[in-house]
Amino acid sequence: MIAREHEPRLVDVRAVRKRTKLTQEKFAIKYGLDLATLKNWEQGRSKPDAAANTLLMIIHSNPQAVESSLEVDEKAASKVPYKFKQRELLTLE
């Protein structure tokens, strides 16, 4: 039996973000996305790759699952300007 290729449908990035009621900057910080990339997706200059598209689909359907997986600290994220946000290396044991 040959497996069929599956290509998930592209999501409307702006609609996903607006559903969260977050600004572009806060959405990017909260979900670990590059702000410029998010803007490019929303303005149609580029499209999310398969992994980013899947993440956006999950954010759309179950944002709490993504937030708990990323251990999002809402208060800390809202106080740190995007340009100063640093990511920690996550090691899985």
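Some observations on this one:
- Extension reserve of the S46-A15 stretch, reckoned as 0.36 nm per residue once the Cα distance is removed: 9.6 nm
- Placed amide H near L22: partners under 5 Å, 5+ positions off or other chain: none
Since every read-out is calculated from the coordinates, none of them should be taken as a lab result. Please read these numbers as outputs of a predicted model, since none were measured by experiment.
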